[in-house]
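**Q** Starting off with a structure, shown below.
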Amino acid sequence: MGRIPRKYLINRLITLALTVLIAASMIWVIPRLSPVDPAEIALGRMASGAGAVANAEEILAQLRAQMGIDQPLIVQYFKYLKGALVFDFGLSTATFPTPVSALIAQALPWTLGLMILSLVITFVIGNLLGALMVWDHSPKLAKVAIPAAMVFTSIPPILSGLLLMWIFAAKLRWFPLTGAYGLTVDPGWNWAFVQSVLHHGFLPAMAIVIVTFGFWALGMRGLMITVQGEDYVKLAEAKGLKPRYILYRYMIRNAILPQITAFALKIGLLIAGQVLVERIFAYNGMGKLLYDAILDQDFPVIQGVSYVIILITALSVFIVDLIYPFIDPRIRHEGG
Amino acid sequence: MSEPVLSVRGLKVYYATPDGDVLATDDISFDLERGETLGLVGESGSGKTTATSGILRMVSSPGRIAGGRVTLDGEDMIALSDEEFRKRRWSKLALIPQGAMNSLNPTMKISAQIADVVRTHTGAAPDRARVLELFQMVGLPERIYEMYPHELSGGMKQRVCIAMAVALNPTVIIADEATSALDVVVQRVVAQTLAKVRDALGVSMIMIGHDMGLMAQMVDRIAVMYAGKIVEIAPVADMFARPGHPYSKILIESVPSLTERRPMKITEGITHDPRNPPEGCIFQLRCPHVNDGCTKPQPMRELRPGQTVACHRAEELEGAHV
Amino acid sequence: MTSTDHQAEIAADKAARKRAKRMKRFDNPWLNPKLIWGAGLLLAIVALGLIGRMLWNLELVYTGSTPLKLPPLGFENLRKQPGVLDYPLGTDGSGRDILALIIMGAPNSLFVGLLASLIGMSTGIVLGFTAGFVGGRTDDVIRVLSDVMITIPPLLILVVFQSAFGDVSLTMMALLIAGFVWQSPTRLIRAQVLSMKQSGYVQMAQLSGASTTDIMFKEMLPNLIPYLFGSFIASVTTAIVTAVGLEVLGLGPQRIPTLGRTIYEAINAGALIQNLWWWWGIPTLLLATMFIGLLLINLGLDEVSNPRLRKA
């Protein structure tokens, strides 16, 4: 047992490859449809620094060669795809000549850390609360308090972020306003740093958690109501199994399956929402990198960041799909 | 006769609706003797399944147990706390469900679903040998031990349910239309398995169904239900030879016969509003022998030893055709 | 039976009857309170935009048309200036009236959401029915394409687009977003078509000689309506979230006031630290109201399509 059907695996791999290819192509094509010439932007930046630039034409040509935009489009495209495979997106134009990949490597761990923390916590808590809303044996409080907390659902995390920031950072000063860690601590594996990171990460994570757990809770509620009416749950009750065991093994275990699919479908939107939260908290992640790049019209960075985030999304979906046959035995045997 | 193993007195299960309670099971009483099989028959909607869900305390909102007493092995089941009753479930009172197709958890192996009920009630999980012994008893192959429900046929799932029901040697088993979802051949085979297991273990059983032919072969006594009430209880031989209630007669004559073609004597469906049953006999609106006396209350009374009936004209109609 | 038992029974009977009465009140599932409240909130925002345009001086959205950073009526800012009746919701850091800003801005967000979803939904419905009915290769292509597109976050593609093209109109933004909200209606309809093809009543209609289009529009569509509405509301939400996200990044339309852009300007001007809460807070509140309204509608629609959710 425990084998993933080959047909299913191939299907998912094709979807993964297509997703990355299509997204990467869109990111490449769109800027090339625009009349803006990145070389001229770079030149303009130089000019504003130095006052005037002599033999501008020569420098422009040089810049174009450096950026690789003097070559035929088709060559550029395949070079870009080849580069994307190894995370080589060229050099940042704003912080020339830093490689884009170096900037991303710096920002990525922060985003991944925040993402795993907030998305996983939200998924677990949300589904558990949704299940408790339906379960006959849950405390009365659960059935009153959870729906009340649900009001925030579907508000984008950027708005909840602003609110939390204002209340807990600007007004109460319980948490720092911005940043991912304090300026006075040394980055590294020391307690002061870890503490600072947790302290800084709390509000951004909460901003995501309070508005997204409700989404899972609502979905779970509907699924639990359906599962509750299933014959196998009624038989489990007749068997005299302990209520808690029925809840986990018979109800949640079956109701969670569509939620996991929904997680895969929703993950892109959730990550995009998180990027915005990072931006308002000036959190040292991909969101801030992206925002700074937008301000600087730094296209290689915008492309690189978008590509990596889409890749993370597609990979998460792929991983969820790979896990799925292990949690739903029906897929394993039918080959999906 | 000795003390009955299960005794039901005045059980009422009502469902709340905006226009008043539906009296799904209204004031039914019967006894189940030790080692006996009692058949509970009646058309769809007559309250058979509701009655058993009352006995099993599995009535869910908007339904409720509105009154009555269920005594199992001398213990009042309705008065027990939820937790105490949970401990009695399956170890004393097991169920073979209607629709075995969906009665098994799709994400658990067959063996695990048998093991969990044993573990819950005895504290120790059964070993592989015990599970295989149960499989063998109901004619299931060893290979399904590691299988999931979706890999099994309908008949096999039903056998799993039978194996599960006898896993703890319960005092009483309720078989709720255990075979009616299966096709005719499989139905017979599974019914035979059920009878074999019952005889081997000497368990008392309530069999619910509407197949009078099957009942005739499987049960010792038959209770006939109509619109939430029991209208007649009789030993199976008497029920077929000398049914006392006009409705029982109709049910028995509706069993198709090869030698004789008879038109059906009754239309389908219960005619009165189940929220507002008529005064007196529950069957009066459809009974071919109705008279003025039928609007008086019709208590169950003894027609002959072992046969009780809720009809004041039972004696005079004896032998008469419907 | 003892008398206390009897009383308890009577009480239980009463409670059951009360519950049953409550059920009856919602006999028409389309009149459930969630749906009404949700629609009410959205209508209030539309009304704010429409009636506001007639009653309020919209010239006040221009930079420098008001004093700077005045608080709403009844509050005081850090410089101890009180709010004034001329600018009841306060003014921002570049001299614009917040009330005028939200009157102009609030309908814009809804407009983008509705337009994007209308286009997305229409595409989705056509593709979904096509995939479900035609099947085969067509179905494969549509399915894979929607599988692929559903995982790409629209926000990032739009970020790339808008940073490359600079200023983009509301309509253009809606069109771009529409490219990302057709997938879930497509999947939904495809799945429904496939399952309904199997279900009894469609087969019955087929046997009785109804044509395919008849079956599609007379038998299947009516059953899909609550789901489609739900999907529509969900895509309106996605579209507005994406649009607001872009605006908050400073990438939305530059020349028309939008709620997201107001928030962007507030954050950039340090409104959080300066305690100018009305500047970002009022647009945030309005957007939150919009999202809560959409959520309530969605929950209400869930109750229409899944009666089991209706029990209190």
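**Q** Order of B:140-148, C:287-295 by packing, highest average Cβ count within 10 Å first?
**A** C:287-295, B:140-148
**Q** Using the basic label-point model (7 angstrom from Cα toward the beta carbon), what is the C:Met172 to C:Trp37 distance in nanometres?
**A** Going by the 7 Å Cα→Cβ label model, 4.1 nm.
**Q** Looking only at other chains, what is the average number of their beta-carbon atoms within 10 angstrom of each beta-carbon in A:247-255?
**A** Counting other chains' Cβ atoms within 10 Å and averaging over A:247-255 gives 2.
**Q** Treating only the Cβ atoms of Lys and Arg (+1) and Asp and Glu (-1) as charged, compute the dipole magnitude of chain C about its Cα centre; round to the nearest 20 debye.
**A** For this selection, approximately 820 debye.
**Q** Could I ask something else about it? Any chance you could get the radius of gyration and Dmax over the Cα atoms of region C:259-312, in Å?
**A** Every Cα atom of region C:259-312 included, Rg and Dmax give 17.2, 50 Å.
**Q** A follow-up question, please. Using all C-alpha to C-alpha distances in chain B, build P(r) with 10 Å bins and read off the rounded percent in each one.
**A** Whole-percent P(r) values from 0 Å outward: 6, 25, 33, 24, 10, 3, 0.
**Q** While we're looking at this one, here's another question. Taking other Cβ within 10 Å of each residue's Cβ, how do A:Lys7, B:Lys92 sort, fewest first?
**A** Lowest count first: A:Lys7, B:Lys92.
**Q** How compact and how long is region A:193-279, expressed as Rg and Dmax of its alpha-carbon atoms in Å?
**A** Both quantities, over Cα of region A:193-279: 17.9, 54 Å.
**Q** Okay, next question. Got a sec? Charge dipole of the protein assembly as shown, +1 on Cβ for Lys and Arg, -1 for Asp and Glu; which of A:Gly229, B:Val8, C:Phe133 is way out at the positive end?
**A** Result: B:Val8.
**Q** Oh, and also: Given +1 on the Cβ of Lys and Arg, -1 on the Cβ of Asp and Glu, and no further charges, what dipole in debye does chain B carry about its Cα centre, rounded to the nearest 20?
**A** Its charge dipole is roughly 440 debye.
**Q** Can you give the percent of C-alpha pairs in chain A whose distance is more than 38 Å?
**A** The calculated P(r) of chain A puts 31 percent of pairs beyond 38 Å.
**Q** Which of the peptides A:247-257, A:194-204 is most tightly packed, and how do the rest follow, going by the mean number of other Cβ atoms within 10 Å of each residue?
**A** Packing proxy ranking, top to bottom: A:247-257, A:194-204.
**Q** Let me know the volume per residue of the alpha-carbon convex hull for region B:1-86, in Å³.
**A** Normalising the Cα hull of region B:1-86 by residue number yields 101 Å³.
**Q** Select from A:Phe326, A:Ser196, A:Ala84 the residue farthest towards the positive end of the dipole of chain A; place +1 on Cβ of Lys and Arg, -1 on Cβ of Asp and Glu, and compute about the Cα centre.
**A** Going by the Cα projections, it comes out as A:Phe326.
**Q** Related question: Classify region B:30-75 as rounded, prolate or oblate from the Cα gyration tensor: take a ≥ b ≥ c as the square roots of its eigenvalues, call it rounded if a/c is under 1.5, otherwise prolate when a/b beats b/c and oblate if not.
**A** oblate
**Q** Among A:Leu128, A:Leu81, A:Leu269, which one shows the biggest mean-square fluctuation in a GNM of chain A, springs joining Cα atoms closer than 10 Å?
**A** A:Leu269
**Q** Ok, one more. Show that you can apply the helix-only estimate: for chain B, add -39,500 (n - 2.57) for every DSSP H stretch of four or more residues, divide by all residues, and state [θ] at 222 nm to the nearest 500.
**A** Only helices count here, giving -8500 deg cm²/dmol.
**Q** Over all distinct Cα pairs, what is the inverse of the mean 1/r for the protein assembly as shown, reported as the Kirkwood hydrodynamic radius in Å?
**A** For the protein assembly as shown, the Kirkwood estimate is 33.0 Å.
**Q** Taking N as the number of residues in region B:97-242, what is its Cα Rg relative to 2.2 N^0.38 Å?
**A** Compactness ratio reported: 1.11.
**Q** Build a GNM of chain B with springs between Cα atoms under 10 Å: which of B:Arg304, B:Arg242, B:Arg275 gets the top mean-square fluctuation?
**A** Judging by the Gaussian network model, the answer is B:Arg304.
**Q** While we're on this one: Sorted by mean Cβ packing within 10 Å, highest first, what order do the peptides B:115-121, B:192-198 take?
**A** So the order, starting with the most tightly packed, is B:115-121, B:192-198.
**Q** With +1 assigned to the C-beta of every Lys and Arg and -1 to the C-beta of every Asp and Glu, and no other charges, what is the dipole magnitude of region B:19-98 about the Cα centre in debye, to the nearest 20?
**A** It comes to approximately 380 debye.
**Q** Within 10 Å of each Cβ in C:270-283, how many Cβ atoms from other chains are there, averaged over the peptide?
**A** Counting Cβ atoms of other protein chains within 10 Å of each residue's Cβ and averaging gives 3.
**Q** Give me B:Ile230, B:Ile208, A:Ile14, A:Ile30 sorted ascending by neighbouring Cβ count inside 10 Å, so fewest comes first.
**A** In increasing order of surrounding Cβ atoms, one gets A:Ile14, A:Ile30, B:Ile208, B:Ile230.
**Q** With axes computed from alpha carbons, what is the tilt in degrees of helix A:191-228 against the longest principal axis of chain A, rounded to the nearest 10 within 0 to 90?
**A** Rounded to the nearest ten degrees, it is 50.
**Q** Sorted from fewest to most neighbouring beta carbons within 10 Å, what does the list A:Leu21, C:Leu155 look like?
**A** Fewest-to-most Cβ neighbours within 10 Å comes out as A:Leu21, C:Leu155.
**Q** Antiparallel versus total DSSP beta bridges in the protein assembly as shown: what percent is that, nearest 5?
**A** Expressed as a percentage, antiparallel bridges in the protein assembly as shown total about 60.
**Q** Shifting gears a bit: When Cβ neighbours within 10 Å are restricted to other protein chains, what is their mean count per residue of peptide B:96-109?
**A** Taking all residues of B:96-109 together, the mean is 5.
**Q** Sticking with this structure for a sec: Just the projected area, averaged over all directions, of the convex hull on the alpha carbon atoms of region A:118-163: how many nm²?
**A** Its average projected convex-hull area is 3.7 nm².
**Q** Another question, if that's okay. Among C:Thr284, C:Thr123, A:Phe168, whose Cα sits farthest toward the positive end of the charge dipole of the protein assembly as shown (+1 at Cβ of Lys/Arg, -1 at Cβ of Asp/Glu, about the Cα centre)?
**A** A:Phe168
**Q** Now for a separate question. GNM, chain B, Cα, under 10 Å: largest mean-square fluctuation among B:Pro106, B:Pro235, B:Pro126?
**A** Top of the fluctuation ranking is B:Pro106.
**Q** For region A:109-295, what log10 I(q)/I(0) values come out of the Debye formula at q = 0.09, 0.17, 0.18 1/Å, with one point per alpha carbon and no solvent?
**A** Summing over Cα pairs of region A:109-295 leads to -0.41, -1.04, -1.11.
**Q** Where a ≥ b ≥ c are the square roots of the eigenvalues of the C-alpha gyration tensor, would you call region A:239-310 rounded, which needs a/c under 1.5, or, failing that, prolate if a/b is larger than b/c, or oblate?
**A** Note, shape of region A:239-310 comes out prolate.
**Q** Something else: Among bridges DSSP assigns within chain B, what percent are antiparallel (round to 5)?
**A** Taking every DSSP beta bridge with both residues in chain B, the antiparallel ones total about 60 percent.
**Q** How far is helix C:98-134 tilted off the main Cα axis of chain C, in degrees rounded to 10, range 0 to 90?
**A** Taking the Cα atoms of chain C, the angle to C:98-134 is about 30 degrees.
**Q** Then there's this: From the Cα gyration tensor of chain C, with a ≥ b ≥ c the square roots of its eigenvalues, which class applies: rounded if a/c is under 1.5, or else prolate if a/b is larger than b/c, or else oblate?
**A** In terms of gyration-tensor shape, oblate.
**Q** What is the distance, in nm, between label points placed 7 Å from the Cα along the Cα-to-Cβ direction at A:Ile319 and at C:Leu85?
**A** Going from the A:Ile319 label point to the C:Leu85 one covers 6.1 nm.
None of the figures in this text is laboratory data; all of them are computed from the coordinates on show. Note that this is a predicted model, so its numbers are computed, not measured. Backbone-built Cβ (ideal geometry, glycine too); neighbour counts: all protein chains shown.
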